[in-house]
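Some notes on the structure that comes next.
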Number of protein chains: 2
Amino acid sequence: MTQKARGKKTSSGQRREESLSREQIIAAAIELLDTSGENGLTFRALSEQLSTGPGAIYWHITDKGDLLTAACDGIVARTMNAAPIKPNATPQASIRLLALAMFDAMDEHPWVGSALTGARGHSPMVRIVEPIGRQIQALGVPKKQHWITVSTLLNYILGVGGRNAANGQYGRAHGLDRSDFLEAVSAEWLQLDPKEYPFVRSLSVPMRTHDDRRDFLAGIDLILRGIDTSHKRFASKNV
Amino acid sequence: MTQKARGKKTSSGQRREESLSREQIIAAAIELLDTSGENGLTFRALSEQLSTGPGAIYWHITDKGDLLTAACDGIVARTMNAAPIKPNATPQASIRLLALAMFDAMDEHPWVGSALTGARGHSPMVRIVEPIGRQIQALGVPKKQHWITVSTLLNYILGVGGRNAANGQYGRAHGLDRSDFLEAVSAEWLQLDPKEYPFVRSLSVPMRTHDDRRDFLAGIDLILRGIDTSHKRFASKNV
DNA sequence: CACAATTATGGAATGCAGTTCCATATGCGC
DNA sequence: GCGCATATGGAACTGCATTCCATAATTGTG
């Protein structure tokens, strides 16, 4: 109704020479996320980087969740495609390789860990489940157990990713690098009541000195052992 | 909203008869989270429920993250304390029981799953690690492996919690109950390209029919089997 | 070629959230 | 009674996602 004195000319500038595309936007979002962290992705910053307004972005993207999922999906897709699975490797080795690829991706792009958890559609998930699932098949796991076996691996991977993302964010927010952070947590644990938290206190040293990547893999191996023993009756050829 | 005659007197009303306390605030926050979901917790809603202003809350709480962590910690604390561990149960049974208790808590309070991942301090984590760790000790796992063993279990539990929380939120946002949601995802998976996603498509049925709680436990068991076989040389008494 | 209709664009406006500010109250030690 | 630390609560500030809208380019149609 009342058009009160809003500027007469809203769009005075020339139009961009090359049009926006969903892909461009997602690429810019990934760059922003990588350089400025999860909180760095705002429609304002994104607008500026693409020299446009927020409105234009919404023509290609439904909303921020969509954008985040798409960015996450992009990383996961290129990660899984790039994973160099060798045809003659054991299924176990392949699963380790796939899992490590995801770990490294989430380590390099810390926001992926949390984006994955909240991903809207399911395409990122599906991209992970498929190749791992094939190896589980190759492992000879009976069909009835496919579901829980992939679920377990996936949930573990997502758990690690989420936690690393949270730790990283905490560290960055407080200006601590990884070792400062671990040091701080380790100290905090040592100060717990010895009566109530003897076990946690005993973890103070490993907390300070552990290697995330190695331990992630150790967890995968532990789960793989659990899988292996669960269908011994089927395994005819071991490696 | 209606800004009523913002007079010169900012605080005209009487002071509350009983003072606010951190505990009251956290309790109110938990109630809000339970009834209105993760997005229901705002300082405005909280202020109203406590019939005060946002400023008063900030006297007791440093920040929203603090509040969320505290609420989460409250649930975790009561959950772990209430878990009826029997002294003569096997360590495996006790771990299952503890894990299930967490699952049920996260199922009843869906926001806990995501709050746990982003928890600021580490008290909620510590509350889970301690009792599980003791059972791992009781299991005879060598000290060197304590760290990765608890980590694996914890990460798995966090992963499941986070994913359930995300799924629930998605469902609620789209007005789907659990079975509608599973049906939708299952259908989505069936429409994937059979060449590219044969395995995922084969999971379409279990996706539709699975039982979260049962499968969570199956994952725990799978991990427990992996733990068991990793230190056979120590195990003298099995159950 | 004219001329609608559709597709895009981008800047302003909206609304809501976390957080800070500040004018005040209340209790407590002296 | 007086001054100080402890609380309180409402308004104001800031920054965000999202929507609105006046337009510009492009496409289709006679």
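The values are calculated or read from the model by the stated rules, or taken from the named source; none is laboratory data. The shown structure was predicted, so the numbers you read here are calculated from the model rather than taken from an experiment. Ideal geometry is used to build each Cβ from the backbone, glycine not excepted, and the neighbour counts take in all protein chains shown. Ligands, DNA and RNA are stripped out before the accessible areas are found, and what is left, the full protein with its side chains, is counted by its heavy atoms. Shrake-Rupley method; radii C 1.70, N 1.55, O 1.52, S 1.80 Å.
General observations
- Some residue of segment A:42-54 being closer than 18 Å to A:Arg127 by Cβ and β-branched (Val, Ile, Thr): no
- Pairs linking a residue in segment B:59-78 that is in a loop (DSSP other than H, G, I, E, B) to a residue that is among the β-branched types (Val, Ile, Thr), with Cβ atoms under 9 Å and 6 or more positions apart or on different chains, are B:Ile61/B:Ile25; B:Ile61/B:Ile26.
- Checked against (1) more than 14 Å from every other protein chain (Cβ to nearest Cβ); (2) at pLDDT 95 or above; (3) within 16 Å of DNA strand C (Cβ to nearest atom), B:Asp104 passes all but condition (3).
- Any hit, segment B:67-86, residues being within 14 Å of chain A (Cβ to nearest Cβ), surrounded by fewer than 20 Cβ atoms within 10 Å (Cβ to Cβ) and within 16 Å of DNA strand C (Cβ to nearest atom): no
- Any hit, segment A:112-123, residues being in a helix (DSSP H, G or I), free of Cβ contacts under 8 Å to residues at least 60 places away in the same chain and surrounded by fewer than 23 Cβ atoms within 10 Å (Cβ to Cβ): yes
- If you go through segment B:211-239 and keep only what is open to solvent by less than 100 Å² (accessible area, probe 1.4 Å) and at pLDDT below 55, you end up with B:Ser230, B:His231, B:Ala235.
- Subset of segment B:60-75 [over 16 Å from B:Pro110 (Cβ atoms) and of a type in the set (Val, Ile, Thr)]: B:Ile61, B:Thr62, B:Thr69
- If you go through segment A:171-210 and keep only what is loosely packed, with under 13 Cβ neighbours inside 10 Å and part of a helix (DSSP H, G or I), you end up with A:Ala173, A:Arg178, A:Ser179, A:Asp180, A:Ala187, A:Thr209.
- Index of the failed condition, B:Trp189 passing every other in (1) farther than 17 Å from A:Trp147 by Cβ; (2) modelled with pLDDT of 95 or more; (3) at the interface with another protein chain (Cβ under 8 Å from one of its Cβ atoms): (1)
- Of all residues assigned to segment A:1-20, none qualifies as being away from DNA strand D (no atom under 11 Å from the Cβ), at pLDDT 95 or above and either on the phi > 0 side of the Ramachandran plot or not basic (Lys, Arg) (or both).
- A single member of A:Ala89, A:Ala93 is over 19 Å from A:Ile30 (Cβ atoms), modelled with pLDDT of 95 or more and in a loop (DSSP other than H, G, I, E, B), and it is A:Ala89.
- Pick from segment A:127-185, criterion basic (Lys, Arg) and within 7 Å of another protein chain (Cβ to nearest Cβ), ranking: farthest from A:Ile223 (Cα to Cα): A:Arg163
- Subset of segment A:130-146 that is surrounded by fewer than 17 Cβ atoms within 10 Å (Cβ to Cβ) and of a type in the set (Gly, Ala, Ser) - its residue that is nearest to the chain's Cα centre (by Cα): A:Ala138
- Note on segment A:29-58: residues that are open to solvent by less than 60 Å² (accessible area, probe 1.4 Å) and either touching a residue at least 24 places away in the same chain (Cβ under 8 Å) or under 18 Å from A:Ala105 (Cα atoms) (or both) total 11.
- Considered as a group, the residues in segment B:43-66 that are within 11 Å of DNA strand D (Cβ to nearest atom) and β-branched (Val, Ile, Thr) include one that is farthest from the other protein chains (Cβ to nearest Cβ), and that residue is B:Thr52.
- Contacts under 8 angstrom Cβ, first residue in segment B:204-228 being among the aromatic types (Phe, Trp, Tyr), partner assigned to a helix (DSSP H, G or I) and open to solvent by less than 20 Å² (accessible area, probe 1.4 Å), 6 or more apart: B:Phe216/B:Ala99; B:Phe216/B:Phe103; B:Phe216/B:Val160
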